[in-house]
Amino acid sequence: MSRASDVRDAVAEAIKERLTDQTVETFLVPHYTREELDSGPRIIVRFGARELRVDQGPDERDIEIEVGTVGVTPERKDHEESVYRAAQVAACDGFDGLMESVIALWTPNGPLSRCGMAEHAFDSIDQAINFDATKLYNEGIWLSMIQLTYRDSQDESDE
């Protein structure tokens, strides 16, 4: 395994420990079917990117971990338009609330903002995708992602 996958797995485990009633899993590509999400929304975690900076000082290695919420909205059946829209809004509000629970683990001064993950220190958080409107429109699947940046604390220049 890579150092990046170690951070990914540590983040996923930390979320599982704190949001015990949620399904948390690692993934590569956020491609889920409606059927896979029928049992409820999921919190998904993946390695997003690696950034390396080599300058006159110590080398800096950052790992970006992406954490998302994914869920399925109700299908349109024989309901009238206003009932269908209200059900969609309610479902998406729930998914966004779940994302707020995830974000709260890091900000403001959340419990995961102060602890290291696999020899990496938390540096920053950004909401990379508020929600994927195309995926929601085409597939009825909510996808929202945040990006966590962790700085590698291992000095590999001695190796």
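The values are calculated or read from the model by the stated rules, or taken from the named source; none is laboratory data. All values reported here derive from a predicted model rather than from experimental measurement. In this analysis, Cβ positions are derived from the backbone assuming ideal geometry, glycine residues included, and neighbour counts consider all displayed protein chains. Side chains are part of the model used for accessible areas, which takes the heavy atoms of the whole protein and leaves out ligands, DNA and RNA. Shrake-Rupley method; radii C 1.70, N 1.55, O 1.52, S 1.80 Å.
For the chain, take the longest principal axis of its alpha carbons; what is the angle in degrees between that and the long axis of helix 3-18, to the nearest 10 within 0 to 90?
Helix 3-18 and the main axis of the chain meet at about 50 degrees.
Round to a whole number: what % of the accessible area of the chain belongs to carbon and sulfur, probe 1.4 Å? Mind dumping the intermediate values first?
Numbers: 4250 of 9030 Å².
Within the chain, the accessible surface is 47 percent carbon and sulfur.
How large is the translational diffusion coefficient of the range 3-152 in µm² per second when you combine the Kirkwood radius over alpha carbon pairs with Stokes-Einstein at 20 °C and 1.002 mPa s?
The calculation lands on 131 µm²/s.
With +1 on each Lys and Arg Cβ and -1 on each Asp and Glu Cβ, how big is the dipole of the range 1-98 about its Cα centre, in debye rounded to the nearest 20?
For the range 1-98, the charge dipole is close to 100 debye.
Provide the per residue accessible area, probe 1.4 Å, for the chain, rounded to a whole number of square angstrom.
For the chain, the per-residue accessible area is 57 Å².
Any idea which of Gly140, Thr107, Ala121 is furthest toward the positive side of the dipole for the range 86-151, if Lys and Arg beta-carbons carry +1 and Asp and Glu beta-carbons -1?
Among Gly140, Thr107, Ala121, the one farthest towards the positive end of the dipole of the range 86-151 is Ala121.
Using a 1.4 Å probe, how large is the accessible area of Asp38, given in Å² and rounded to the nearest 10?
Ignoring ligands and nucleic acids, Asp38 comes out at about 110 Å².
Could you work out how far helix 81-104 tilts from the main Cα principal axis of the chain, as a 0 to 90 degree angle to the nearest 10?
For 81-104 against the chain, the angle is about 20 degrees.
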